[in-house]
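Written out below as structure tokens is the structure these notes cover.
The values are calculated or read from the model by the stated rules, or taken from the named source; none is laboratory data. Fair warning: this is a prediction, and the values are worked out from it, not measured in the lab. Cβ placement follows ideal geometry from the backbone for every residue including glycine, while neighbour counts extend to all protein chains displayed. Heavy atoms of the whole protein, side chains included, go into the accessibility calculation; ligands, DNA and RNA do not. Shrake-Rupley method; radii C 1.70, N 1.55, O 1.52, S 1.80 Å.
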Amino acid sequence: MLVFACETSCDETSICILDNNNIVEHIVFSQEIHDKFGGVVPELASRSHLEILQKITKKVFSQNNIFPEKIDVFCATCGPGLIGSLLVGATFTKSLAISLGKPFVPINHLEGHILSSSFNNNITYPHLVLLLTGGHTQFYLMTNNKEIKLLGESVDDAIGEAFDKIAKMLGLGYPGGKEIERMAKNGDENFLKLPKPLINDGSFNFSFSGIKTHLNLIIKKNELNEKFIEDVSASFQKTMSEIIIQKLLTGIDILSKRNIFIKSISIVGGVANNEYISKNLETLFDQSKIKLCYPIKEMMSDNAAMIAWACFVNYNKYKNNIFFKPQPRLKINERL
Ligand code: ZN
């Protein structure tokens, strides 16, 4: 099955052609126009998607000598995300599908992330998924390869958002995750002791806004020199890693009391790129019976390959639905 997928939920414009479980072509264009604003400007994102989509789609077909008529199914992210951006990607892909008389399948962006690690890992169930992105911080339970259940999530900021905001306070660039990780390499991770909200509340929920407020007060009182930025970055990154680890351990424990014994864990989303956090997690699960899974690098941040993959593995579950309207707050398991 040849799948054409489009992802435009935020500031990444991405197209993928997937031939069964083989990525034929995958282009991810990260819009740099937002960098100077320290965050995504929705109107600029929509305009850029429109411009870039046409260019990269042409390129994808011509570079691989694939005739659009050969595509079996067209799919696009239809939520959650920025509504203007979603509309551009969905309408663009629907137009291709209509003009070629092919099915159009709307895909939930979160499902794309959640299923991304099954592309390169043999997932065993029950499976715990920790989704860590700029828009979401969520725990999901999968008892088989079809059912996805939300267990808990951040009650305020998403983890990636926290990284971006702290980076901005420190005068670092956007996206903040990479910048914090870079500065943290030479910093003293014990420089600051930061709060860890909801760490012992026995739930699957997270909270990051208190850490942000706490750090904001400290940063305002200090001079932003390199050493200070490095030390704050290292302390912040260490705290985030500790929260993730503690929450994972608590989660596994809560589930075991419900007689659900987790066999594998996936860390998915852009924050999975953080090598400091992933090294700590690898050490933690090194001797464990629980298998730790990550997606391939190109399926970590927002990308069309995970959308194509979700379409491919769940094609029987999805329906051809050209009339589906993109929804900015689409939830998992919501009918598409
Ligand atoms: Zn995402």
**Item:** Residues in the stretch 1-45 reached by a label modelled at E69 [backbone nitrogen below 19 Å; 7 Å Cα→Cβ]
**Value:** 1-4
**Request:** Mind telling me which of V60, V105, V232 comes out most flexible in a GNM of the chain, alpha-carbon contacts under 10 Å?
**Result:** V60
**Request:** Grab the Cα-Cα distance for K257 and S30, subtract it from 0.36 nm times how many residues apart they are, and report the gain in nm with one decimal.
**Result:** 77.4 nm
**Vicinal HN-Hα couplings computed from phi for the stretch 161-167 (Karplus, 6.51 cos²θ - 1.76 cosθ + 1.60; Hz; Gly/Pro x)** = 5, 4, 4, 4, 5, 5, 4
**Item:** Violating pairs (Cα-Cα greater than 24 angstrom) within the set K291/K331; K94/K319; K212/K257; K149/K247; K55/K146; K94/K331
**Value:** K291/K331; K212/K257; K55/K146
**Message:** Less than 17 Å from a label point 7 Å out along the Cα-to-Cβ axis of F323: which backbone N atoms in the stretch 99-116 qualify, by residue?
**Reply:** 103-106
**Fill in**
Counting only protein heavy atoms and leaving out ligands, DNA and RNA, the solvent-accessible surface of M169 at a 1.4 Å probe, in Å² to the nearest 10, equals 50 Å²
**Request:** At most 13 other Cβ atoms within 10 Å and a DSSP loop assignment: could you name the GluC sites (Glu not before Pro) in the stretch 122-192 that fit?
**Result:** E147
**Request:** Would you mind telling me the share, in percent, of accessible area of the stretch 123-294 contributed by carbon and sulfur at probe 1.4 angstrom?
**Result:** 51 percent
**Message:** For L151, what residues show an amide H to amide H distance below 5 Å, using hydrogens built from the backbone and excluding near sequence neighbours?
**Reply:** F139, Y140, L141
**Item:** Exposed-site-free run, longest, the chain (rule: trypsin sites (Lys or Arg not before Pro); DSSP loop; at most 15 other C-beta within 10 Å)
**Value:** 1-145
**Prompt:** Distance from the Cα centre of the stretch 85-141 to that of the stretch 1-28, in angstrom?
**Reply:** 11 Å
**Prompt:** What value does the chain have for Rg/Rh, both radii from Cα atoms and Rh as Kirkwood defines it?
**Reply:** 0.98
**Message:** Which chymotrypsin sites (Phe, Trp or Tyr not before Pro) in the stretch 209-300 sit in a loop by DSSP (not H, G, I, E or B) and have at most 14 other Cβ atoms within 10 Å of their own Cβ?
**Reply:** F261
**Prompt:** Unpartnered cysteines of the chain (Cβ-Cβ under 4.7 Å counts as a partner)?
**Reply:** C6, C10, C16, C78, C293
**Message:** Counting heavy atoms of the protein chains only and a 1.4 Å probe, report the per residue accessible area for the chain as a whole number of Å².
**Reply:** 45 Å²
**Phi to ³J(HN,Hα) by Karplus 6.51 cos²θ - 1.76 cosθ + 1.60 over the stretch 267-274, Hz, x for Gly, Pro** = 9, 10, x, x, 5, 4, 5, 5
**Asked** Could you list, bin by bin from short to long, the percent of Cα-Cα pairs of the stretch 142-300 in 5 Å steps?
**Response** 2, 8, 16, 21, 20, 15, 9, 5, 2, 1, 0
**Message:** Once you keep just the Cα pairs under 8 angstrom separated by 6 or more residues, what percentage relative contact order results for the stretch 123-294?
**Reply:** 27 percent
**Prompt:** When the dipole is taken about the Cα centre of the chain, and only Lys, Arg (+1) and Asp, Glu (-1) are charged at their Cβ, what size is it in debye, to the nearest 20?
**Reply:** 780 debye
**Complete:** When the charge dipole of the stretch 164-277 is computed with +1 at the Cβ of Lys and Arg and -1 at the Cβ of Asp and Glu, the Cα pointing farthest to the positive end, of N200, G269, Q237, is that of N200
**Fill in**
Under the Karplus relation with 6.51, -1.76 and 1.60 and θ = phi - 60°, whole-Hz ³J(HN,Hα) for the stretch 303-314, x at Gly and Pro, equal 7, 7, 5, 5, 6, 4, 5, 4, 5, 5, 6, 10
